[in-house]
1. Which condition does Leu107 not pass, out of (1) in contact with a Ser or Thr (Cβ under 8 Å, 6 or more places away or on another chain); (2) farther than 18 Å from Tyr49 by Cβ; (3) among the hydrophobic types (A, V, I, L, M, F, W, C), if it passes all the others?
2. Is it true that Ile106 is out of contact with any Gly (no Cβ under 8 Å at 6 or more places or on another chain), in contact (Cβ under 8 Å) with a residue 40 or more places away in the chain, part of a loop (DSSP other than H, G, I, E, B) and open to solvent by less than 50 Å² (accessible area, probe 1.4 Å)?
3. Being modelled with pLDDT of 90 or more and either of a type in the set (A, V, I, L, M) or farther than 30 Å from Leu18 by Cα (or both) is true for just one of Leu119, Leu87, Leu124, Leu159. Which residue is that?
4. Scan Asn122, Asn88 and give me the residue that is of a type in the set (S, T, N, Q), surrounded by fewer than 17 Cβ atoms within 10 Å (Cβ to Cβ), free of Cβ contacts under 8 Å to residues at least 12 places away in the same chain and farther than 29 Å from Ala25 by Cβ.
5. Restricting attention to the stretch 72-85, and to residues there that are under 24 Å from Leu132 (Cα atoms) and open to solvent by 70 Å² or more (accessible area, probe 1.4 Å), which single residue is nearest to the chain's Cα centre (by Cα)?
6. Among strands (runs of 3 or more DSSP E) lying entirely in the stretch 28-70, which contain 1 or more residues that are surrounded by fewer than 17 Cβ atoms within 10 Å (Cβ to Cβ), without any contact (Cβ under 8 Å) to a residue 24 or more places away in the chain and of a type outside the set (Val, Ile, Thr)?
7. Run Glu125 past the list (1) more than 19 Å from Tyr139 (Cβ to Cβ); (2) in a loop (DSSP other than H, G, I, E, B); (3) touching a helix residue (DSSP H, G or I) at 6+ places or on another chain (Cβ under 7 Å) and report the number of the one that doesn't hold.
Amino acid sequence: MKVYKLKSVNTNYNPLDLVEDIIIANNWDYERDSNNNIHVEVAGEWCDYQLSYGINEDHNLLYISCVLDINIPENRFKDIYSFLFSLNERLLVGHFEIWSDQSWPILKQSFPIPTNQSLCKNQLEQASLLALRECEKFYPAFQIFAWDNKDVKSTLQHLMLETHGEV
């Protein structure tokens, strides 16, 4: 019996090129800025989401961020951190935070980039879909929190029901 050995191939690749391929395959409009970050707007059920992809070279991470198109009013800032804490406990990957200058909620995820290997296109597709699903799932919670002036517990109580089946 003959044994075959595979050689590792060192390639210099940019994972954002793979992200760009995924975006093009989905016919999404996008731009690549001067810092080599990719920004794309994706239509959701609740709003248009602003997905951004970039690389943190210091820590060899690929990050995905997804901005929700809603502003948190200043009068809700006193409760925002307990609200975010409660939401973040329910996330599968990443965390929500608030951009202080625009008061937009943003979901952030980071993934290590393997050295001497490329990221799998399927991994990047799944990470992007997961970010969008989590934003879709929690957008109503941000909407109720921002505009209904309910406390954190009441806001989450009504939104964490997941229904199954058809009407």
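The values are calculated or read from the model by the stated rules, or taken from the named source; none is laboratory data. Everything quoted here is computed from the prediction, not taken from an experiment. Counting neighbours? That spans all protein chains shown, and the Cβs are built from the backbone with ideal geometry, glycine included. The area values use the complete protein model at the heavy-atom level, side chains included, leaving out ligands, DNA and RNA. Shrake-Rupley method; radii C 1.70, N 1.55, O 1.52, S 1.80 Å.
1. (2)
2. The answer is no for Ile106.
3. Going through Leu119, Leu87, Leu124, Leu159 in turn, just one is modelled with pLDDT of 90 or more and either of a type in the set (A, V, I, L, M) or farther than 30 Å from Leu18 by Cα (or both): Leu87.
4. Going through Asn122, Asn88 in turn, just one is of a type in the set (S, T, N, Q), surrounded by fewer than 17 Cβ atoms within 10 Å (Cβ to Cβ), free of Cβ contacts under 8 Å to residues at least 12 places away in the same chain and farther than 29 Å from Ala25 by Cβ: Asn88.
5. Per the stated criteria, the residue is Phe85.
6. So the answer is 30-32, 38-43, 48-56.
7. (2)
Residues are listed down the side, and each one gets a yes or a no for (1) modelled with pLDDT of 90 or more; (2) within 18 Å of Pro112 (Cβ to Cβ):
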site: Asp21; (1), (2): no, no
site: Asn27; (1), (2): no, no
site: Glu31; (1), (2): yes, no
site: Ser34; (1), (2): yes, no
site: Ile38; (1), (2): yes, no
site: Glu41; (1), (2): yes, no
site: Glu45; (1), (2): yes, no
site: Tyr53; (1), (2): yes, yes
